[in-house]
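Chemist: Below you will find the structure I want to go over with you.
Nothing in this text is a laboratory measurement; each read-out follows from the coordinates by a stated rule. This structure is a prediction, so every number in the text was calculated from the model and none was measured. Every residue, glycine among them, receives a Cβ derived from its backbone with ideal geometry; neighbour counts consider all protein chains shown.
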Amino acid sequence: MTNPKTIRILNDTLRSTFWTGKVMLTQGVACLPPEEMAALLTAVRTFDAFTEGNDPHGEHDFGSVDQDGVRYFWKIDYYDTACEAGSPDPADPAVTTRVLTIMRADEY
């Protein structure tokens, strides 16, 4: 059984602090000039445009931001602690490794 409120709190913590999980950048993000990357990371950290359309389960696990004419996605996935399979319970941080991936939309 899932607990969307707990998952949402855990996801918001990772996204807004980049702590409590792993943050992965795709090649298209990693090669950005420092100023552009800093602006993008700030946009991800402060994202709050969640709607029924982009967050139907209320877990705050996906979003998109536009920066300098480029669309970027961010997505949080839930793995077991060894990162070998899916988490048995994404609401339980003791058995879950959260991974936040930030990518250009055209890399998806």
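Chemist: Given the conditions (1) out of contact with any helix residue (DSSP H, G or I) (no Cβ under 6 Å at 6 or more places or on another chain); (2) in a loop (DSSP other than H, G, I, E, B); (3) at negative phi, which single one is not true for Cys83?
Modeler: Unmet for Cys83, out of (1) out of contact with any helix residue (DSSP H, G or I) (no Cβ under 6 Å at 6 or more places or on another chain); (2) in a loop (DSSP other than H, G, I, E, B); (3) at negative phi: (3).
Chemist: Mind checking which residues of region 85-108 are surrounded by 13 or more Cβ atoms within 10 Å (Cβ to Cβ), farther than 18 Å from Leu41 by Cα and out of contact with any Pro (no Cβ under 7 Å at 6 or more places or on another chain)?
Modeler: Selection gives Ser87, Asp89, Pro90, Ala91, Asp92, Pro93, Thr97.
A quick yes/no check of all residues on (1) out of contact with any Asp or Glu (no Cβ under 9 Å at 6 or more places or on another chain); (2) among the small types (Gly, Ala, Ser); (3) crowded, with 17+ Cβ neighbours inside 10 Å:
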site	(1), (2), (3)
Gly28	no, yes, no
Cys31	yes, no, no
Pro56	yes, no, no
Asp66	yes, no, no
Tyr78	no, no, yes
Cys83	yes, no, no
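Chemist: So how many residues does region 10-26 have that are part of a helix (DSSP H, G or I) and either touching a residue at least 60 places away in the same chain (Cβ under 8 Å) or exposed (fewer than 14 other Cβ atoms within 10 Å of the Cβ) (or both)?
Modeler: Residues flagged as part of a helix (DSSP H, G or I) and either touching a residue at least 60 places away in the same chain (Cβ under 8 Å) or exposed (fewer than 14 other Cβ atoms within 10 Å of the Cβ) (or both) within region 10-26 amount to 5.
Chemist: Being among the hydrophobic types (A, V, I, L, M, F, W, C) and in contact (Cβ under 8 Å) with a residue 24 or more places away in the chain is the filter; apply it to region 33-54 and report the residue that is surrounded by the fewest Cβ atoms within 10 Å (Cβ to Cβ).
Modeler: Applying the filter and picking the extreme gives Ala39.
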